[in-house]
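The values are calculated or read from the model by the stated rules, or taken from the named source; none is laboratory data. Note that this is a predicted model, so its numbers are computed, not measured. Positions of Cβ are generated from backbone atoms using ideal geometry, with glycine treated the same way; all protein chains shown enter the neighbour counts. The accessibility values were calculated without ligands, DNA or RNA, using every heavy atom of the protein model including side chains. Shrake-Rupley method; radii C 1.70, N 1.55, O 1.52, S 1.80 Å.
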Amino acid sequence: MMGWSVGQLFARDLTANTVEVEMATVLAPTRAAWARVTFNTERAMSEREALFKKGLHCVGIWHIHPESSPSPSTEDRLLAREHALAARPQLAGIVFVIVGTAQPPAGLRVWVDDGVDLHEAISDEIKQ
Ligand SMILES: [Zn+2]
């Protein structure tokens, strides 16, 4: 099946009221199954180090689901939580994006995990 992708989201200014995601990267998935995403952590870390030198901070993760309006699997929730806790204290939360097969906004859903809860972002606030 085509379309399995996962990557990291990077932003330059973490102190702004609106943190703008400036770059989305693509990492090679190490394993692919329905609603499951894993990637090479070492590659993810070296990508973060390289982009940090350019002033970019990793603020989240995105991946693709083969469903029209995607929702996070149990493993996705665990992954988001793990990254949110690992990002402390620099980040109050991480952005977790799942891209489905429908056109945005229905097919693009965004959550923020603050280390306690996974909150869905309001889709009205998502701009192309
Ligand atoms: Zn998933």
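Does P66 meet the test of being part of a loop (DSSP other than H, G, I, E, B), under 23 Å from R12 (Cα atoms) and open to solvent by 20 Å² or more (accessible area, probe 1.4 Å)? Please lay out each step first, then the result.
Numbers: part of a loop (DSSP other than H, G, I, E, B): yes; under 23 Å from R12 (Cα atoms): no; open to solvent by 20 Å² or more (accessible area, probe 1.4 Å): yes.
Spelling it out, it is not the case that P66 is part of a loop (DSSP other than H, G, I, E, B), under 23 Å from R12 (Cα atoms) and open to solvent by 20 Å² or more (accessible area, probe 1.4 Å).
Can you tell me which residue within the stretch 29-63, out of those that are part of a strand (DSSP E or B) and at pLDDT 90 or above, is nearest to the ligand (Cβ to nearest atom)?
Within the stretch 29-63, the first condition is being part of a strand (DSSP E or B), and the residues that meet it are 29-33, 36-39, 57-63.
Of the ones still in play, those that are also at pLDDT 90 or above are 57-63.
Working: H57: 23, C58: 18, V59: 18, G60: 13, I61: 10, W62: 10, H63: 5 Å.
Across the stretch 29-63, the extreme among qualifying residues is H63.
Taking the condition in contact with a helix residue (DSSP H, G or I) (Cβ under 9 Å, 6 or more places away or on another chain), over 20 Å from L108 (Cβ atoms) and either at pLDDT below 85 or within 13 Å of the ligand (Cβ to nearest atom) (or both), does T74 pass? Explain how you work it out, then say what you get.
Numbers: in contact with a helix residue (DSSP H, G or I) (Cβ under 9 Å, 6 or more places away or on another chain): no; over 20 Å from L108 (Cβ atoms): yes; either at pLDDT below 85 or within 13 Å of the ligand (Cβ to nearest atom) (or both): yes.
So T74 does not fit the description; no.
Which residues, counting only those in the stretch 77-112, are open to solvent by 50 Å² or more (accessible area, probe 1.4 Å) and away from the ligand (no atom under 14 Å from the Cβ)? Before you say what the answer is, go through the steps one by one.
At the first step, the residues of the stretch 77-112 found to be open to solvent by 50 Å² or more (accessible area, probe 1.4 Å) are 77-78, 81-82, 85-86, 88-90, 92, 101, 103-106, 109, 112.
L85, A86, R88, P89, Q90, A92, Q103, P104, P105, A106, V112 - these are the residues of the stretch 77-112 that are open to solvent by 50 Å² or more (accessible area, probe 1.4 Å) and away from the ligand (no atom under 14 Å from the Cβ).
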